[in-house]
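The values are calculated or read from the model by the stated rules, or taken from the named source; none is laboratory data. This is a predicted model, so every value here is computed, not measured. Quick reminder, even Gly has a Cβ in these numbers, built from the backbone with ideal geometry, and neighbours come from all protein chains shown. SASA here: full protein model, heavy atoms, side chains in, ligands and nucleic acids out. Shrake-Rupley method; radii C 1.70, N 1.55, O 1.52, S 1.80 Å.
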Amino acid sequence: MSAVWDKEVDVLVVGSGAGGMLSALVAAKNHADVLIVEKEKLWGGTSATSGAGIWIPASDQAAAAGFNDSVDDAFKYVRALSADNVPDENIRAYVGNAAKMLRWMGANTDIEYHAFPYPDYHAENPGGSPTGYRTHMPLPLDGRRLGKDVRTLRFASPAASLFGYLNWHFDETYILLFRAKGWPWHLAKSLMRYWFDWPFRFTSRKDRRLTLGNALAGGLRLALNEAKVPLWLNSGLEELIEADGQIAGAVIRRDGKAMRVRARKGVVLAAGGFDKNQAMRDAHAPLYPNALYSGGTSGNTGDAIRAGQALGADTMNLQSTWAAPVFYVPGEDRGRLCTIERALPGCMMVNQQGERYLNEAASYHIVGQQMARRQREHGDASPSWFVFDHTYRHSYPVGPVYPLVPDWAQNGMVKTIFKKGRTLGELAEQMGGRSGPAGGHGQPLQRQCRQGRGPRFPPRRCGL
Ligand SMILES: Cc1cc2nc3c(=O)[nH]c(=O)nc-3n(C[C@H](O)[C@H](O)[C@H](O)COP(=O)(O)OP(=O)(O)OC[C@H]3O[C@@H](n4cnc5c(N)ncnc54)[C@H](O)[C@@H]3O)c2cc1C
């Protein structure tokens, strides 16, 4: 092997999501010379677009909130939900170290996480917590502290920002969703804060009040900047370099030029999943066939997995996914996660036959899995229809459609998936079915509505 290197560091971290940035920070705090490489022109990965809710049993924050948790209960809970081939020690390592990780992050960054009374998704299982306090959410962070780096931080997901630009904190969801006392003032204040962020506002649409995944990514980058850890954008891992049976470094394509980077102590692969790689989905996770519908960001094409495999590394459970229903607006580069909408009164989900086939108020993961299975077995669930009535339409946001914003003001692509009818028959026709006595969508829809989940219109598509 040639010993010619273009750059040498102790630790090379591939990927600038939360996994990569936190690993880099730990290495830097342990006196390593670290470099982060990111394939895309934006940093933060899917992490920056996420809710950044982290599941940590028995945390200091939960104890401070009066929740008496136990690591053994958490183990029982995760064990029952995990595949049989996941070793006990992996689960023990997670539940035993999660709280320590959060404590470390609190001590070494300005990210502040709080425990929330958000029940476990399978709270009924042994070890589950119906009162919550295992889900932790970050508090907002002032993005102005990032200087120019805030411009290349990924935008929050359209599903986690108002009007596609206004970042919001977890707590604020309730204020706006249920129009709590003072909500118009709260909204006006947030909009004013956003629009009066001058002169930044003239050059960027980005909200510098960072929340959710933006707060997590922003806080990690802030700590990395303070620790003087460089992050190269437009720098993708191409292959790992092996020498004497060890990983010696990697080939990184930076701004189009291949560079050999030596990593004296190790390479951390934190390049996300393969959700945006259609061929890998077809090969490993055919139950979830459409890469476009994934809520993940464009860079996640499984490069690091393939780089490892090329050197003989093994993989495990590639078929297993974090599933969720999404609204897919044609032309967008990813699906918009459909979380809160499904559990609000006055809506239901139906398949292409107009039949309700799942409990739409279940956790997104369960609904996503059930959609996938239904699609595999019957071919009629992707896309499904999200059906709701007039009251619902003007009470709650549904994906990109906001209450109080009239139908005519929706963007053109949203209109292509947003159907409306004054009767169930009309609605069924809009959905592409037949409304006559022979059935089609109209009859199952009527049956479901009589059973009390009652839409009087209009539906939108809910894709997988
Ligand atoms: C809308 C939404 C909300 C979510 N909310 C939550 C939540 O609240 N809680 C939760 O636990 N999970 C949530 N998730 C899932 C969670 O965001 C991801 O599991 C997590 O962010 C993955 O982190 P990561 O660091 O492994 O990867 P990522 O954050 O995706 O980062 C990977 C990075 O690697 C880069 N990369 C890829 N290939 C290369 C290469 N060859 N060279 C260099 N860089 C490369 C990518 O461009 C990307 O920037 C959510 C997901 C979505 C879509």
Next item on the list: Return the carbon/sulfur percentage of the accessible area of the chain, one whole number, probe 1.4 Å, all protein chains in place.
Entry: 53
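Contour minus end-to-end for ARG144 and PHE200, with contour as 0.36 nm per residue of separation and end-to-end as the Cα-Cα distance?
19.2 nm
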Next item on the list: Please give the contour-minus-distance gain from ASN225 to ALA64: 0.36 nm per residue of separation, less the Cα-Cα distance, rounded to one decimal in nm.
Entry: 54.9 nm
Notebook entry, point to check: Among 73-80, 117-124, what's the highest-first ranking by average C-beta atoms within 10 angstrom per residue?
Noted result: 73-80, 117-124
Check: If the label point is 7 Å along Cα→Cβ of ASN90, which residues in region 39-59 have backbone nitrogen under 19 Å from it?
Finding: 55-57
Next item on the list: On the full set of protein chains, 1.4 Å probe, figure out the accessible area of HIS365 and give it in Å² to the nearest 10.
Entry: 40
Notebook entry, point to check: Placing +1 at every Lys and Arg Cβ and -1 at every Asp and Glu Cβ, with all other atoms neutral, what dipole size does the chain have around its Cα centre, in debye to the nearest 20?
Noted result: 1560
Item checked: Theoretical ellipticity at 222 nm over the chain - DSSP helices of four or more residues, -39500 (n - 2.57) apiece, nearest 500 -> -9000 deg cm²/dmol
Item checked: Cβ-derived FRET efficiency at R0 25 Å, GLU242 paired with ASP33, nearest 0.05 -> 0.70
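Provide the gained length on full extension for the span ASN125 to ALA83, in nm with one decimal, where the gain is 0.36 nm per separating residue minus the Cα-Cα distance. Each step should come with its number before you reach the end.
On the way: separation 42, 0.36 × 42 = 15.12 nm, distance 1.54 nm.
Taking 0.36 nm per residue and subtracting the Cα distance, the gain is 13.6 nm.
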Note to self: Can you give the local net charge around PRO138? Use residues other than it whose beta-carbon is closer than 14 angstrom to its beta-carbon, Lys and Arg +1, Asp and Glu -1.
What the structure shows: -3
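If you count only protein heavy atoms with a 1.4 Å probe, what accessible area per residue comes out for the chain, rounded to a whole Å²? Write out the running numbers ahead of the final one.
Values: 21600 Å² over 464 residues.
Each residue of the chain exposes 47 Å² on average to a 1.4 Å probe.
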Next item on the list: Would you mind pulling out the separation of the Cα centroids of region 274-334 and region 1-79, in Å?
Entry: 20
